[in-house]
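Report on the following structure.
The values are calculated or read from the model by the stated rules, or taken from the named source; none is laboratory data. All values derive from a computational prediction rather than experimental measurement. Neighbour counts are summed over all protein chains in view; Cβ atoms, including those assigned to glycine, are modelled from backbone coordinates with ideal geometry. The protein model used for the area step is the full one, side chains on, heavy atoms only, and it has no ligands, DNA or RNA in it. Shrake-Rupley method; radii C 1.70, N 1.55, O 1.52, S 1.80 Å.
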Amino acid sequence: MSVSTISTPKAMNAIKSFFAADAAAMPLHWIYDYDKSTKLLGGNKMLHSPAFFSTPSCPFYDSTQFPGHYNLGDASPYGEEAKLFLDFLVSNHGKFTNGNDFAQYTLEWAKGYTGRKNGWLKEFEKNMTQLTENGETNVYPSCGADDAEAILSPKVVFLAAICYGSDSKTDYLNKVEEAVRTHQNNQFALDVALSFGKILWRAMEGGSLEESIQAGKDDSPQNIIDAIDQACTYRKFDTSQDLIEHYTDLCKEYGSTATLPPGLPPHLAPIMLKACGLPQSFTVSLKLILDAESANDSSESDDDTFTRSVEQNIVFGGDCCGRNAFIVGIQSALGKELPRAWYEKTRLMDEVETQCRVFRGKTP
C-alpha cells in the first residue's frame, strides 16, 4: 500500500510547529481577564515569556480535574483533538479516506478519551448515537456538530502538509471539506476552512504573505471576504512594539470590526473577539500575523516574526489555542520555523516526529 509523502520540510514543519505552539499556549489558554494574564506575566515589564508559562493557569481545565492531561508541556484539548486527526491519517498510511471512516475512528477515540470534551465532540457523540440507533451506516455528514468554531484549522494544516505536491488543489479542498464536515457540519465553518486552505496552498506555492492571504478570498462568499479585509487593515510599525502595550491597540481596533455580531454591548466586544467562534478567530489570527510582520525590524529574522506572532496570540488571551493553527499553518507554509527549544519542551513531539516519518519515509 502506498504511503502519502510530505513533499517539503516546511510542510512537515507545520505539523510539528502546531503541537509546539499548542503546548506553548496551553498554560494561559482561555483566560479572558486581561488583568489576570498581565499579572501572571509580570505586568508591563513582561517578566515572563508567555510561551510555556511555568504554571498552567487555564480556568476551565487542569491536571487535577483531568489526571494525565494539561501539565506543563502537554497539549490543550485542541491539541489532543488534532492528535486524533493525525493518528487517523497515520492509521491510513498518511491518507484521508472518507468521512464515514473518520467518524467511526473519532467515536472509538472519544470512548477512551479522558481529557476535556469540547462542545462539538459532545454533540458529535449524540449524533452518532442517534444515527446508530436509527440503523444508519452512512453517517457522514449528519454526524457532524452544528458548530462554527476554530477546531477545523488543524485539519486544514495537516491535509495541506500531506496533499501538497501529490494532490491537485481541488482534490485537497475536497478532502478539507469532508474532514471538516465529519466534525462540524456547518456551512460557515466550511467556508472558513476552504478559505484557509486556499491561503495555505498559495503560500506553499511560494506566494508572499499578502498574496497568500488575498488568495483566501478567491471564490469565497462575501462574509469571508469581509473577514479577511478586516484583518488586512493593519498599521505598519517602524520597530518592534511591546506586546503588552500593543494589546490595547489591538482591542481598540478589533472592537470596531464588522466581524462582531451587530448590536453587541461594547463591554462584551473584547470577550467576543478573543473567543472560539468564527469569523473572529480567523480574522484575529490573520491580523496577529500581519501585525508581527509589520513590526519586524532589520535585526529580526523571519523566524522571529513567527515566534512573535505566536507569543502575541498568547498575550491577546482568550482562545489562543484555537487561533494557533491558523497562525502556525500560514507561517510554516511560508517557510518559517519556531525555536527548536519549543519542540524540546513539547511532550508529544517525539511521537509526532515519529508519525511524520511515516509520511516522509525517512527521518525528518
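Give me the percent of the accessible area of the range 175-217 that comes from carbon and sulfur atoms, probe 1.4 Å, all protein chains in place. Roughly 41 percent of what the probe reaches on the range 175-217 is carbon or sulfur. Phi angles across the range 104-114 convert, under the Karplus curve 6.51 cos²θ - 1.76 cosθ + 1.60 with θ = phi - 60°, into 3J(HN,Hα) values of 5, 5, 4, 4, 5, 4, 4, 4, x, 6, 10 Hz, Gly and Pro given as x. A simple packing score, the average count of other Cβ atoms within 10 Å per residue, orders the peptides 31-38, 317-324, 197-204, 86-93 as 317-324, 197-204, 86-93, 31-38, with the highest score first. Annotation: amide H of G318 within the under-5 Å range of W30, I31, Y32, sequence separation 5 or more or interchain, hydrogens built in the peptide plane.
The Cα atoms of the range 113-231 define a convex hull whose projected area, averaged across directions, is 8.7 nm².
Which value in Å is the Kirkwood Rh of the range 116-186 over different Cα pairs? The Cα-based Kirkwood calculation yields 13.0 Å.
Expressed in units of 2.2 N^0.38 Å, where N is the residue count, the Cα radius of gyration of the range 137-176 is 1.37. Across the range 69-83, rounded Karplus estimates of 3J(HN,Hα) from the backbone phi angles (6.51 cos²θ - 1.76 cosθ + 1.60, θ = phi - 60°) give 10, 6, 8, 4, x, 7, 6, 6, x, 4, x, 5, 5, 5, 5 Hz, Gly and Pro being marked x. When its C-alpha radius of gyration is set against 2.2 N^0.38 Å (N residues), the range 91-141 gives a value of 1.19. Magnitude of the charge dipole for the range 15-120, about its Cα centre and with charges confined to Cβ atoms of Lys, Arg (+1) and Asp, Glu (-1), is about 180 debye. Between the residues I199, V176, A110, the greatest Cα displacement towards the positive end of the dipole of the range 98-232, with unit charges on the Cβ of Lys, Arg, Asp and Glu, is found for A110. As a ratio to 2.2 N^0.38 Å, the alpha-carbon radius of gyration for the range 60-176 is 1.13.
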